[in-house]
Each structure stands twice: as C-alpha cells, then as structure tokens.
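The values are calculated or read from the model by the stated rules, or taken from the named source; none is laboratory data. Values in this document were obtained by computation on a predicted structure and should not be read as measured data. Note that we place each Cβ from the backbone using ideal geometry, even for glycine, and neighbour counts take in every protein chain shown. Please note that ligands, DNA and RNA were not included when accessible areas were found on the heavy atoms of the full protein model with its side chains. Shrake-Rupley method; radii C 1.70, N 1.55, O 1.52, S 1.80 Å.
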Amino acid sequence: MIGAALLVVAAAPAAAQDREGEDHPLLPRYPGAVIDDYRAPSLDEITIPTGQITSQDAAGNRQLLEGQVTHIGYRVEPAVAPLQIQRYYADRLAKDGFQTVFSCTGPACGRDMGALILNSGKVAPVGFDGLFNDRIRVVVAKRGGTWVLLHIADASDRSIIYEAVVEDAKAAEAPPAGGE
C-alpha cells in the first residue's frame with residue numbers, strides 16, 4: 001500500500017512555481033497563473049497604447065508616461081481563452097475604481113500592437129515572453145495617477161499575460177527632435 005502511494009506521488013506533476021517576483025498589490029494575478037518574468041518597481045518611462053497601433057514607430061495613439069513602473073509576465077497552463085482572462089481583470093479593475101482608457105481584441109488592436117508592447121523596448125522590458133497572434137486582447141485602465149496595461153494572448157498549450165502598472169504617472173517629456 002505504501003509503495004502504491006509513493007508511485008502516485010512520484011507520478012503527479014510538480015506544481016508550477018513562480019520565478020523571482022511578486023504580484024503587484026493593486027492587481028491580484030489570474031488564478032493559476034505563475035510569474036515567468038518580473039521587473040521590480042523603478043522610476044522609468046513607458047509607452048502606453050491608447051488606440052489602435054498600425055505602426056510601432058508612429059507617434060499616434062500612445063501616451064509616454066514616467067513613474068514607478070512594475071512589469072510582470074505571467075503564464076497560465078493549460079491555455080485559457082483570452083476573453084476569460086480579460087473579464088477577470090476588467091472586473092477587478094472596475095471594482096477598484098479604474099476606468100478603461102482603451103481596450104481591443106485581435107486585428108482591431110492594429111497590426112503592430114504586439115510589436116510595440118513586446119518587441120520595441122518602449123513597453124515590456126526586452127526578453128519578456130510574449131505571443132503574437134490574432135487572439136490578443138489589450139486593456140488599458142487608469143485611476144488617478146495609476147495606469148494599468150494588460151496584453152493577453154494564448155497558444156495551444158499556454159496563455160501569456162503581460163502586466164505593467166505605472167504609479168505616480170505623469171506625462172514624460174518627449175526627447176528632442178533627432179535624438180533619443
């Protein structure tokens with residue numbers, strides 16, 4: 001009997017564990033999500049999309065903010081539909097007094113939304129995991145000087161949630177023309 005119990009324990013998959021990092025106190029994680037990527041709060045600039053992004057290099061439909069920025073990348077296995085994850089976060093944000101500034105689904109986000117958020121270095125830190133497909137959902141919400149950005153996508157085996165929280169946000173000064 002003991003041998004059978006040991007066999008069952010040995011055959012059970014190990015529970016997924018967070019890499020280093022912690023949830024932001026304003027926004028609990030989606031149930032079952034684990035932290036894959038994390039950057040602790042620090043004074044930084046971040047570009048927040050406020051509309052469809054058709055070109056990651058264009059200037060429209062985005063707000064450059066500076067403040068205490070926290071970046072968290074979550075993974076959910078097995079995959080969960082992006083709509084379910086979006087509804088979880090939308091409900092949490094609404095209950096906490098956040099107002100939606102912008103949200104989009106799939107192609108309505110613009111062909112370069114994922115590139116802006118995950119590849120440009122202007123939003124997510126370089127190296128954060130991400131998925132590119134037409135099943136993305138993006139939510140931007142604001143309460144006072146706090147902004148939240150969520151990029152949600154799924155593949156056949158996992159869902160990925162990128163979350164940025166900007167506290168004490170203020171408009172950042174644009175770099176001078178011809179320089180960064």
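Listed values, structure above:
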{"item": "Cβ-placed point charges (K, R +1; D, E -1), dipole of the chain about Cα centre in debye, nearest 20", "result": "560 debye"}
{"item": "Area of residue 105 that stays accessible when all protein chains are in place (1.4 Å probe, Å², to 10)", "result": "60 Å²"}
{"item": "Calculated from backbone phi, Karplus (6.51, -1.76, 1.60) coupling profile of the stretch 50-59 in Hz, x at Gly/Pro", "result": "10, x, 4, 10, 9, 9, 5, 9, 6, 9"}
{"item": "Ranked by how many other beta carbons lie within 10 Å on average, peptides 94-102, 42-50 from highest", "result": "42-50, 94-102"}
{"item": "Proportion of all alpha-carbon pairs of the chain beyond 25 Å (%)", "result": "34 percent"}
{"item": "Phi-based couplings in Hz for the stretch 130-138 (Karplus 6.51, -1.76, 1.60; Gly and Pro marked x)", "result": "x, 10, 10, 6, 8, 9, 6, 9, 10"}
{"item": "Helix-derived mean residue ellipticity, 222 nm - over the chain, DSSP H n ≥ 4, -39500 (n - 2.57), to 500", "result": "-4000 deg cm²/dmol"}
{"item": "Residue 65 - accessible surface, heavy atoms, 1.4 Å probe, Å² rounded to 10", "result": "10 Å²"}
{"item": "Solvent exposure, largest accessible area first (probe 1.4 Å, DNA, RNA and ligands not counted), of 150, 64", "result": "64, 150"}
